[in-house]
1. Per-residue HN-Hα couplings for the stretch 125-130, Karplus 6.51 cos²θ - 1.76 cosθ + 1.60 at θ = phi - 60°, whole Hz, x for Gly and Pro?
2. At a 10 angstrom cut-off on C-beta neighbours, averaged per residue, how do the peptides 118-130, 73-85 rank from highest to lowest?
3. How about LYS22: which aspartates and glutamates have a C-alpha closer than 19 Å to its C-alpha, ignoring those fewer than 8 places off in the same chain?
4. Could you pull out every residue, at least 5 positions away or on a different chain, whose amide H is within less than 5 Å of the one on ILE126? Hs are placed 1.01 Å off N in the peptide plane, and Pro or chain starts have none.
5. Placing +1 on the Cβ of each Lys and Arg and -1 on the Cβ of each Asp and Glu in the stretch 14-135, which of ALA91, VAL30, GLN80 has its Cα farthest towards the positive end of the resulting dipole?
6. Applying 1/(1 + (r/R0)^6) with R0 = 35 Å to the Cβ-Cβ distance of GLN73 and THR124, what FRET efficiency is obtained, to the nearest 0.05?
7. Kindly write out, for the stretch 87-98 in residue order, the coupling ³J(HN,Hα) from the Karplus curve 6.51 cos²θ - 1.76 cosθ + 1.60 (θ = phi - 60°), rounded to whole Hz, with x marking Gly and Pro.
8. Would you kindly state how much longer the chain becomes between LEU23 and ILE46 on full extension, computed as 0.36 nm times their sequence separation minus their alpha carbon distance, in nm to one decimal?
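Please treat every number below as a calculation from the coordinates, not as lab data. For clarity, every value in this text was computed on a predicted model and none was experimentally measured. Ideal geometry is used to build each Cβ from the backbone, glycine not excepted, and the neighbour counts take in all protein chains shown.
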Amino acid sequence: MAINSVKIDPLDLQPRKAVGIKLPFSGDAVFNSTYQTRDAIKTNLINYFLTSKGERYLNVEFGNGLQALLFDQLTEDKVQEIDQKIKQDLAIYFPRVQASKIETEGLPDTNTVQFSMKYQVQDTNIEDEIILNFEQ
């Protein structure tokens, strides 16, 4: 009988120790803290996808430039380019995060593009999904 071990981040075992900051910044004290690694990873991914390259001071390579790609003509080739770019960027900035499903859908009636990604974190039982709506 094989035993499937799962790694638990030591910070998750300390319930009162914050590991990150939640988005959006609209809490009672402006910043709401996250106390689970799952929440911190999700917030970091959202922050990454909403940041354009060159936007972060002293770290101009950070960010994925997804917003610039989304509002071109959304063809099958463009969707594959977006998927490939996301997987490359995840390998660089979030090496433990594996994207299991990436969907990009254009909603021309509302001039919106919806991006969703289901992901898993290696060696943990963390599975989650982010959904971002980009309006032009």
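1. 9, 7, 9, 7, 9, 10
2. 118-130, 73-85
3. Result set, ordered by chain and number: ASP9, ASP12, ASP39, GLU127, ASP128, GLU129.
4. VAL121
5. After comparing all options, I get VAL30.
6. My answer for the efficiency is 0.35.
7. Once rounded to whole Hz, the list reads 5, 5, 5, 4, 5, 7, 9, 9, x, 8, 8, 10.
8. Between LEU23 and ILE46, full extension yields an extra 7.5 nm.
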